[in-house]
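Engineer: Handing you a structure now.
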Amino acid sequence: GAAHVACAVAYSPPVDMQLIRTERPVVTGTPTAVQERQIKLADAVETLLAQENPDSCGSRCRSATPPYTATEDDAPALIFAGQNEWLNPEHARRYAAGYRQVPGVEVVVQELPGDTRHSLDYVDEWDGVWAQTLAWFNEQT
């Protein structure tokens, strides 16, 4: 919670376990590099949620999905997501939507238009992301 963490920044966070499950690609032939990443992520989620119905988000799924676990003592968060990257930016949107239901927890989503890169590539290659990250830390602490 916020008592221990002043604020958080996430780059392309895969936070919605059910979304990961439903977006597992169906591949015929050799998977692309993007499909391989999506399959590995889906496999990890399936291992975590092996005992749950794959068509719903049960208690274990919800316990591992931040939008379902948001509380008033959670830290404010800044989330970056590329609009066209391999990890659906809907993760960032759902994270923010979950926290909007909780009074007093600020979550800001920065979608990078047209960007296909993932995660920390933003910091090194997208103008302004690192500056926004530092500004966020300075505002929140």
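The values are calculated or read from the model by the stated rules, or taken from the named source; none is laboratory data. Nothing here was measured: the structure is a model prediction, and the numbers come from that model. Positions of Cβ are generated from backbone atoms using ideal geometry, with glycine treated the same way; all protein chains shown enter the neighbour counts. Only protein heavy atoms, including side chains, enter the accessible area calculation; ligands, DNA and RNA are left aside. Shrake-Rupley method; radii C 1.70, N 1.55, O 1.52, S 1.80 Å.
Engineer: So, of the residues in the stretch 75-94 that are touching a helix residue (DSSP H, G or I) at 6+ places or on another chain (Cβ under 7 Å) and open to solvent by 30 Å² or more (accessible area, probe 1.4 Å), which turns out to be modelled with the lowest pLDDT?
Structural biologist: So, considering only residues that are touching a helix residue (DSSP H, G or I) at 6+ places or on another chain (Cβ under 7 Å) and open to solvent by 30 Å² or more (accessible area, probe 1.4 Å), the one modelled with the lowest pLDDT is W86.
Engineer: Could you please let me know if R60 is part of a helix (DSSP H, G or I), farther than 29 Å from E125 by Cβ and open to solvent by 60 Å² or more (accessible area, probe 1.4 Å)? Don't jump to the end; show me each part of the working.
Structural biologist: Numbers: part of a helix (DSSP H, G or I): yes; farther than 29 Å from E125 by Cβ: yes; open to solvent by 60 Å² or more (accessible area, probe 1.4 Å): yes.
Answer is yes for this residue.
Engineer: Test P13 against the stated conditions and say whether it is touching a helix residue (DSSP H, G or I) at 6+ places or on another chain (Cβ under 8 Å) and farther than 29 Å from P113 by Cα. Lay out the reasoning, then the answer.
Structural biologist: Values: touching a helix residue (DSSP H, G or I) at 6+ places or on another chain (Cβ under 8 Å): yes; farther than 29 Å from P113 by Cα: no.
Here the answer is no, as P13 does not meet what is asked.
Engineer: For the stretch 71-102, name all the residues that are among the charged types (D, E, K, R) and not in a loop (DSSP other than H, G, I, E, B). Break it down stepwise before answering.
Structural biologist: Initial filter on the stretch 71-102 (among the charged types (D, E, K, R)): 72-74, 85, 90, 93-94, 100.
Within the stretch 71-102, E90, R93, R94, R100 meet the criteria.
Engineer: From the set of residues in the stretch 103-135 that are open to solvent by 20 Å² or more (accessible area, probe 1.4 Å), in a loop (DSSP other than H, G, I, E, B) and of a type in the set (D, E), which is nearest to Y11 (Cα to Cα)?
Structural biologist: D127
Engineer: Now for a separate question. Looking at this structure, is V9 assigned to a loop (DSSP other than H, G, I, E, B) and either open to solvent by 30 Å² or more (accessible area, probe 1.4 Å) or at pLDDT 85 or above (or both)?
Structural biologist: Spelling it out, it is not the case that V9 is assigned to a loop (DSSP other than H, G, I, E, B) and either open to solvent by 30 Å² or more (accessible area, probe 1.4 Å) or at pLDDT 85 or above (or both).
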